[in-house]
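To start, the structure under review is shown below, and the notes come after it.
The values are calculated or read from the model by the stated rules, or taken from the named source; none is laboratory data. Everything numeric here is computed off the predicted structure, so don't read it as measured data. Positions of Cβ are generated from backbone atoms using ideal geometry, with glycine treated the same way; all protein chains shown enter the neighbour counts.
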Amino acid sequence: MTSAQRVAVALSSVVLVVTIAASRSAASPSGPWGYWLVEANGAVSPFGDANPSFGPNGSPRLNAPIVGAAVTPGARGMWLVGADGGVFAVGGDARFHGSAAGLRLDSPVVGMASTPTGNGYWLLAADGGVFCYGDAAFFGSEGGAETRTRFVALLPTGDGLGYWLVSANGGVWPFGDANTFWGPAGYPIFNAPIVAAALTPGGKGMWYVGADGGVFTVAGDARFFGSAADLHLARPIVGIVPTPTGQGYWLVAADGGVFSFGDAAFLGSTGGLPLSAPMVAIAAGAFTL
């Protein structure tokens with residue numbers, strides 16, 4: 001990123017700051033493509049065609065660090081979720097449907113996912129507990145099951161009538177109408193724990209990514225386009241998101257470095273820049289700009 005503009009944005013009573021990428025000409029494919037990088041302090045950095053008005057980006061009063069994010073179906077709004085289950089609706093059409101912040105959690109929240117309508121969301125805890133809000137239905141969880149692994153992702157089916165839970169050891173647990181062929185996926189040996197997962201655009205395949213940048217395809221139409229496993233990473237990988245075509249994906253590291261594979265164009269990163277908090281997620285969506 002050659003330059004950036006710091007913009008102050010007021011959201012409710014909190015002053016937010018959003019970092020806007022100065023250039024969108026970095027080999028962008030046809031159509032609106034982009035991504036947001038999310039820091040543990042709630043900072044959101046947009047690149048490519050990602051909406052620059054999202055926040056919070058600055059110093060919102062968080063009771064726990066942000067651990068995940070999800071965009072609305074039209075990519076005009078975003079939710080952030082904290083380790084304590086607190087949910088923050090950010091910009092556009094993201095609406096607040098409730099949170100787990102007032103609950104006594106057995107394990108911290110690690111991520112969230114939107115329903116297909118955008119009128120609800122699921123939260124996932126590290127012990128496999130699932131919390132539902134809005135029109136998100138409960139189809140089961142691993143909370144209290146003593147699976148002896150940390151859960152890292154919840155991926156909903158296309159119709160919102162099921163989801164997969166993904167664990168750090170590569171296990172996949174299906175619920176509702178999620179394809180049972182995918183899980184449990186057993187316990188293969190990884191060089192580093194799985195930290196994130198993503199579905200293909202049609203929901204018929206899945207990718208895992210490990211902290212070392214290793215990428216693994218799981219059933220269906222998920223194809224391998226490369227990984228960062230052979231690179232000398234300054235910080236571990238924390239997230240993965242596919243391109244709109246499913247013919248590529250982006251990885252993000254805790255220092256904000258972005259790694260592009262397949263038809264994923266590099267649109268910018270915060271790698272090498274001073275960050276006030278670690279990067280925790282990369283988010284993208286089907287843009288309707």
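Could you go through segment 64-71 and let me know if any residue there is modelled with pLDDT under 90 and part of a loop (DSSP other than H, G, I, E, B).
In the first step, residues of segment 64-71 are kept if they are modelled with pLDDT under 90; the result is none.
No - not one qualifying residue is present in segment 64-71.
Name the residue, out of Pro242, Pro193, Pro174, that is over 16 Å from the mean Cα position of the chain (by Cα) and surrounded by 19 or more Cβ atoms within 10 Å (Cβ to Cβ). Result: Pro174 is the single residue among Pro242, Pro193, Pro174 that is over 16 Å from the mean Cα position of the chain (by Cα) and surrounded by 19 or more Cβ atoms within 10 Å (Cβ to Cβ).
Can you name every residue in segment 63-85 that is more than 15 Å from the chain's Cα centre (by Cα), surrounded by fewer than 18 Cβ atoms within 10 Å (Cβ to Cβ) and more than 23 Å from Ser167 (Cβ to Cβ)? Correct list: Asn63, Gly74.
Exactly one residue among Ala185, Ala222, Ala283, Ala254 is surrounded by 18 or more Cβ atoms within 10 Å (Cβ to Cβ), modelled with pLDDT of 95 or more and either out of contact with any helix residue (DSSP H, G or I) (no Cβ under 6 Å at 6 or more places or on another chain) or under 20 Å from Thr149 (Cα atoms) (or both), and that residue is Ala254. Every test in (1) over 23 Å from Leu154 (Cα atoms); (2) over 17 Å from the mean Cα position of the chain (by Cα) is passed by Ala277 save one, and that test is (2).
How many residues are without any contact (Cβ under 8 Å) to a residue 60 or more places away in the chain and not small (Gly, Ala, Ser) when one looks only at segment 245-289? Full working, then the answer.
Residues of segment 245-289 that are without any contact (Cβ under 8 Å) to a residue 60 or more places away in the chain, as a first pass: 245-249, 251, 253-255, 257, 259-262, 264, 271-272, 274.
In the following step, the residues that additionally are not small (Gly, Ala, Ser) were identified as 245, 247, 249, 251, 255, 259, 261, 274.
Of the residues in segment 245-289, 8 are without any contact (Cβ under 8 Å) to a residue 60 or more places away in the chain and not small (Gly, Ala, Ser).
When the residues of segment 86-104 are narrowed to those that are under 22 Å from Glu142 (Cβ atoms), touching a strand residue (DSSP E or B) at 6+ places or on another chain (Cβ under 6 Å) and of a type outside the set (S, T, N, Q), which ends up surrounded by the fewest Cβ atoms within 10 Å (Cβ to Cβ)? Going through the qualifying residues, I end up with Gly98.
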